[in-house]
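Undergrad: Before I ask anything, here is the structure I am working with.
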Amino acid sequence: MTASHDSGGIRRGRWLVSLGRMRFLLIVAAVVFAGLWAAGSLAAAPALAGFVLVGAAVLVAAAGADVIPAVLPRHEAPAARVGDPLIEAVLAGLPDPVVALDHRGDVMALNAQGSAVAPALRRGEPVSLGLRVPEVLEAIRSARASGTAQRAEFFQRVPLDRWYEAIVTPILSAGGARPGLVLLAFHDLTPLRRVEEMRADFVANASHELRTPLAALSGFIDTLKGPAREDPAARERFLAIMQVQADRMARLIDDLLSLSRIELNAHLRPDRQVDLAAILRQVADGLQTLARDREVEVKLTAPPGSLLVLGDRDELIRVFENLVENALKYAASGRRVDIGLSRGEGPDGEEARVAVRDYGPGIAPEHLPRLTERFYRVDVSESRAQGGTGLGLALVKHILNRHGGRLTIESVLGRGATFTAHLPAVRGNPQVPTRT
């Protein structure tokens, strides 16, 4: 209402100014027609009609002078619009995910990183339609109402577990108290949260698993300092046991650190091509000594040529070493381990499959769902006797998850077990570096 009244007043003022400028013409016209009437050249009615016509022309001219181009005052910037090239260019140059909203909360622009965080956001639509996070929406409302920056943390489970901090910053329009633009930026807290979880898990797992070997070492040291001080035979036997316990602790710490590193990078997919056939040949050759000691035959079957996947070579070697070592250690009674590489169709398209099969005693069905849990063992005493840490299959699962793959386990008691790693196969010939 105020704007309408102001506009009407401005128009009336301009009309009066124009009319004032033309008053001289009205005075002249009045004098001329009055003189003609007084001289008898015109009757009163024609003289009055002529003056009315001249006055009407003057009024029309004054009204026309009010029609001027509408321009914004210099201190007012034009309102931002959806898809504004300047805003789009600014957001594209920012490293973090950023979304620009107007004063109503509609999406005006967003960069590629912002689309990755919230794929459902669409330009010109309310942010609440594409971002169903109550904490962030409340922060946006508070920022718009108060005109001050707001922060909110939230957690996403799909497609991977991620933690974010949303920073909502209102940008006031020139000379206005209401935000003309609201910037919504996302800061990835996932690495920090994973470090915190790794620290907590390491303390809990290490304190539990290291207690037994530490207790054994402490007991043997006390024995060597006391009753066995002068007993060479006992000293040699105890030192050998202490060496085994120390090696076990070293393997345990190494596996815990490896697992922590893998979890820290779980959200980063490898981007290099590696040849699974070459990796499996290297693993099979490296474990020949262990296979001969256990009197087990290792047979590798692979199709001709290369089978490429996007992966971290060292991590994939760790996967297949763990699987083959487990088969050699816990299923040596079968005297045979088969490693098969093949290509097939998986739930998400073409995949590479590596099956490690043993012919040992097999695994009871109730144990299969829990085999990849940390420190879960089918037979605790047997696992420790074989030098296992209980983390081998957990490492396998986490490495495969990072590569977008999965592990399947099949077993029948008395007929052995098959552990199959499924990995997405490379299609065509992508232009990425290849490591052999």
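Undergrad: Test Arg384 against the criterion of being modelled with pLDDT under 85, surrounded by 15 or more Cβ atoms within 10 Å (Cβ to Cβ) and either assigned to a loop (DSSP other than H, G, I, E, B) or on the phi > 0 side of the Ramachandran plot (or both), and give yes or no.
TA: No.
Undergrad: Taking the stated definitions as given, is Val274 open to solvent by less than 30 Å² (accessible area, probe 1.4 Å) and either at pLDDT below 85 or under 29 Å from the mean Cα position of the chain (by Cα) (or both)?
TA: Considered against the rule, which asks whether it is open to solvent by less than 30 Å² (accessible area, probe 1.4 Å) and either at pLDDT below 85 or under 29 Å from the mean Cα position of the chain (by Cα) (or both), Val274 comes out as yes.
Undergrad: Hey, could you check region 173-189 for residues that are within 13 Å of Ser142 (Cα to Cα) and modelled with pLDDT under 80 and say which is least open to solvent (accessible area, probe 1.4 Å)?
TA: That would be Pro179.
Undergrad: If the requirement is being among the aliphatic types (A, V, I, L, M) and over 30 Å from Glu196 (Cα atoms), which of these qualifies: Ala266, Ala233?
TA: Values: Ala266 fails: over 30 Å from Glu196 (Cα atoms).
None of the other options fit; the residue is Ala233.
Each row is one residue, and each column tells you yes or no for (1) open to solvent by 30 Å² or more (accessible area, probe 1.4 Å); (2) under 18 Å from Gly392 (Cα atoms); (3) without any contact (Cβ under 8 Å) to a residue 60 or more places away in the chain; (4) aliphatic (A, V, I, L, M).
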| position | (1), (2), (3), (4) |
| --- | --- |
| Pro191 | yes, no, no, no |
| Arg199 | yes, no, yes, no |
| Arg211 | yes, no, yes, no |
| Ala215 | yes, no, yes, yes |
| Phe238 | no, no, yes, no |
| Leu252 | no, yes, no, yes |
| Ser260 | no, yes, no, no |
| Glu263 | yes, yes, no, no |
| Leu268 | yes, no, no, yes |
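The values are calculated or read from the model by the stated rules, or taken from the named source; none is laboratory data. Everything quoted here is computed from the prediction, not taken from an experiment. All Cβ positions, even for glycine, are placed from backbone atoms using ideal geometry, and neighbour counts span all protein chains on display. Heavy atoms of the whole protein, side chains included, go into the accessibility calculation; ligands, DNA and RNA do not. Shrake-Rupley method; radii C 1.70, N 1.55, O 1.52, S 1.80 Å.
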